[in-house]
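Undergrad: Have a look at this one.
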Amino acid sequence: MSAGPHDERLAGTWTGRGIRFVLTAALFCLTYGFAQSGPQPPCGKATVPPYPGLNNSPIVKYWGESDFGHDWRPPLCTGWDEVGFSTLIATVARFRCAAGTEGLLRHIGSISELAGTRYWSTTHKQWQTLILTAHALTGTQPGQRRQDFTPDEMTEGKVLYLEQVDNLSGAATYRMHIAEVSADRLVFDLENVSNMRYFFVTLFHPGEMQSIYFLDRESDNVWRYYSMVRTGRNASRLATGHEASSINRAVAFYRFLVGIPTDQEPPAAR
């Protein structure tokens, strides 16, 4: 018996619904898998998140402790030993830079230029200054100020120190470790070596605020940017769980590093 017009319309309707269901399920699986996999920096594997196009905005992914924060093991190439996190943010982008590794090192070493970096405050709904002051240090003591670091000082394996005054957590001393330096790759990481406080409340103990940055040359004037920022499992709940604010702070440093005005509209998150 041949199918009538009604049967054909019914079959077409269910076929369309079936296709939409399959596509929706596939998208859900991809999104779920992406959320559960965690970040993967450029260390011999495909990055998670993937790099966006050169002219696109950076991709920023936030994970909270409820995702898989308790058991997450950092990729070996980060050099991070502690398991878990309270917040974790990956920022991925492509950017143009004709100055090469030396130019990037000079800019990263210009610690005093971090002062005035701005971000979009989701609490106050306006651009605010994120970093009030910043100085290079000769050691771990805040009073040991010196001139900005030069590319000649920022050799592979070198450990440097700096002080930064954040608009929320106040003054803190950081250790900067230059992990890799070559014509096509630059990797450095930062972590606090002093307590970070909000008024009289300790938000982060030493080592609870960590970040790492991978800069890889793609072509003569194009570089890839991958950063991860982690707060430790024992960080104060006052400083964790603020997704939009955390994203805007991460993007502020990306903008500073690649030469984009840090308060350029639109912000990464409202």
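The values are calculated or read from the model by the stated rules, or taken from the named source; none is laboratory data. These numbers come from a predicted model, not from an experiment. With ideal geometry, Cβ positions are generated from the backbone for all residues, glycine too; neighbour counts draw on all protein chains shown.
Undergrad: Which of the residues spanning region 256-270 are assigned to a helix (DSSP H, G or I) and closer than 20 Å to Thr47 by Cβ?
TA: Leu257, Val258
Undergrad: Now, a different point. Looking only at region 55-73, count how many residues are within 14 Å of the chain's Cα centre (by Cα) and either in a loop (DSSP other than H, G, I, E, B) or farther than 17 Å from Ser227 by Cα (or both).
TA: So the answer is 2.
Undergrad: Considering every residue within region 229-246, establish whether at least one is under 27 Å from Ala99 (Cα atoms), modelled with pLDDT of 95 or more and out of contact with any Ser or Thr (no Cβ under 6 Å at 6 or more places or on another chain).
TA: No.
Undergrad: Go through Arg249, Arg224, Arg233 for me and flag whichever is closer than 26 Å to Leu160 by Cα, part of a loop (DSSP other than H, G, I, E, B) and touching a Phe, Trp or Tyr at 6+ places or on another chain (Cβ under 8 Å).
TA: Checking each option against the conditions leaves just Arg233.
Undergrad: May I ask you to list pairs of residues, at least six apart or on different chains, whose Cβ atoms are under 6 Å apart, with the first in region 27-54 being among the aliphatic types (A, V, I, L, M) and part of a loop (DSSP other than H, G, I, E, B) and the second being surrounded by 13 or more Cβ atoms within 10 Å (Cβ to Cβ) and modelled with pLDDT of 95 or more?
TA: Partner pairs satisfying both residue conditions: Leu54/Arg94.
Undergrad: Gly44: modelled with pLDDT of 95 or more and among the small types (Gly, Ala, Ser), yes or no?
TA: no
Undergrad: Quick test of your reading of the structure: Phe85 fulfils all but one of (1) assigned to a loop (DSSP other than H, G, I, E, B); (2) under 21 Å from Thr262 (Cα atoms); (3) among the aromatic types (Phe, Trp, Tyr). Name the failing condition by number.
TA: (2)
Undergrad: Further question: Scan region 201-228 residue by residue and report those that are buried (at least 22 other Cβ atoms within 10 Å of the Cβ), aliphatic (A, V, I, L, M) and modelled with pLDDT of 95 or more.
TA: Ile212, Leu215, Met228
Every residue, every condition in (1) polar (S, T, N, Q); (2) touching a helix residue (DSSP H, G or I) at 6+ places or on another chain (Cβ under 8 Å); (3) modelled with pLDDT of 95 or more, yes or no:
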position	(1), (2), (3)
His70	no, no, no
Gly100	no, no, no
His107	no, yes, yes
Ser112	yes, no, yes
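Undergrad: I would also like to ask the following. Out of all the residues in region 98-146, which are under 21 Å from the mean Cα position of the chain (by Cα), over 15 Å from Phe256 (Cβ atoms) and surrounded by 17 or more Cβ atoms within 10 Å (Cβ to Cβ)?
TA: Thr101, Ser121, Thr122
Undergrad: OK, next. Would you mind finding the one in Thr133, Thr155 that is of a type outside the set (Asp, Glu) and over 22 Å from Ser194 (Cα atoms)?
TA: Selected residue: Thr155, the only one of Thr133, Thr155 that is of a type outside the set (Asp, Glu) and over 22 Å from Ser194 (Cα atoms).
Undergrad: Can you tell me which residue in region 126-144 is farthest from Lys158 (Cα to Cα), limited to those that are modelled with pLDDT of 95 or more and either aromatic (Phe, Trp, Tyr) or in contact with an Asp or Glu (Cβ under 6 Å, 6 or more places away or on another chain) (or both)?
TA: Taking the candidates together, the pick is Trp127.
Undergrad: Only one residue in Phe95, Phe149 is part of a strand (DSSP E or B), in contact (Cβ under 8 Å) with a residue 40 or more places away in the chain and surrounded by 12 or more Cβ atoms within 10 Å (Cβ to Cβ), so which one is that?
TA: Phe95
Undergrad: Could you list, in sequence order, all residues of region 190-220 that are in a loop (DSSP other than H, G, I, E, B) and farther than 28 Å from Gly157 by Cβ?
TA: Hits for region 190-220 are Phe199, Phe200.
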